[in-house]
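What follows is a set of notes on a single structure, which appears directly below.
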Amino acid sequence: MADQRIPQVTAKRLPLYYRYMEKLQASGKQRVSSKDISEALQIDPATIRRDFSYLGELGKKGYGYNVNYLLNFLKDFLKQDVISNVVLVGVGNLGTALLNYSLYKNNSTKIVAGLDTDKQKIGTVINGVPIHHISELDKICKTHKVEVAIVTVPAAYAQNVVDQLVMAGIRGILNFTPARLYAPSEVRVHHIDLTVELQSLIYLLKHNEDKDSLLEITD
């Protein structure tokens, strides 16, 4: 198999390719070109070909990519047959929304527990996920062999939660809080700040408007 030390930006796109191949297979399509993938996913064709080149010879010039082969290759590469158990810490509005969202109901990811300190939530079940007290974190992680956690607590409590997660053996953290979290180098932390993403989107929209106005003036 190809060298798996691929760029992080490429690694983030691989699940997108995998989901698209699933749709193509379900529709009965047997082959696809980088142009087809580009139009569907809004990714430059050259970027797609470069991404796939890190994985080996997956396609043929003039033919494109065999959908079934590419799907099975990505399924194996992304370990879609291996279930990764996840815990979610912070069952507030955002945490509850994530538990109800089908994003985490796929073949390779399973949220085994929600964790909180709110007595009204502890002992309840949200979309099939039991809610426990945060004090049970270590026990749950050991029982279910959890290595990944989603953090949706208030920012003021985020670092304390991360410290507990590290102590429980968590190796990957998806942080939905605006707090900048500190963890040992062997623990990977991905930050998703919805406010920053929204502000960036608005800036880019405004920037494009200004650019369009400038083009109109200079034409």
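For the reader, a short list of remarks on this structure follows.
- Every residue from the stretch 113-153 that is within 16 Å of residue 171 (Cα to Cα) and surrounded by 13 or more Cβ atoms within 10 Å (Cβ to Cβ): 137, 138, 140, 141, 144, 146, 147, 148, 149, 150, 151
- Leading residue by the ranking (surrounded by the most Cβ atoms within 10 Å (Cβ to Cβ)) among those in the stretch 180-202 that are charged (D, E, K, R) and assigned to a loop (DSSP other than H, G, I, E, B): 193
- Pairs linking a residue in the stretch 54-73 that is over 18 Å from residue 28 (Cα atoms) to a residue that is open to solvent by 20 Å² or more (accessible area, probe 1.4 Å) and not in a strand (DSSP E or B), with Cβ atoms under 6 Å and 6 or more positions apart or on different chains, are 54/6; 55/2; 56/2.
- Residue within the stretch 128-141 that is part of a helix (DSSP H, G or I) and within 27 Å of residue 10 (Cα to Cα) present: no
- Qualifying residue in the stretch 146-154 (condition: farther than 19 Å from residue 190 by Cα and not small (Gly, Ala, Ser)): no
- Contact map, the stretch 85-98: first residue on the phi > 0 side of the Ramachandran plot, second residue open to solvent by 10 Å² or more (accessible area, probe 1.4 Å) and of a type in the set (D, E, K, R), Cβ cut-off under 9 Å, separation 6 or more or different chains; pairs are 90/116.
- Cβ separations smaller than 7 Å between residues 6+ apart or across chains give the following pairs from the stretch 9-29 residues that are without any contact (Cβ under 8 Å) to a residue 24 or more places away in the chain to residues that are open to solvent by less than 80 Å² (accessible area, probe 1.4 Å): 20/37; 20/40; 20/41.
The values are calculated or read from the model by the stated rules, or taken from the named source; none is laboratory data. Worth saying up front: this structure is predicted, and the values here are computed from it rather than measured. Positions of Cβ are backbone-derived with ideal geometry, glycine not excepted, and every protein chain shown enters the neighbour counts. Just so you know, the surface numbers come from the protein's heavy atoms only, side chains and all, with ligands and any DNA or RNA stripped out. Shrake-Rupley method; radii C 1.70, N 1.55, O 1.52, S 1.80 Å.
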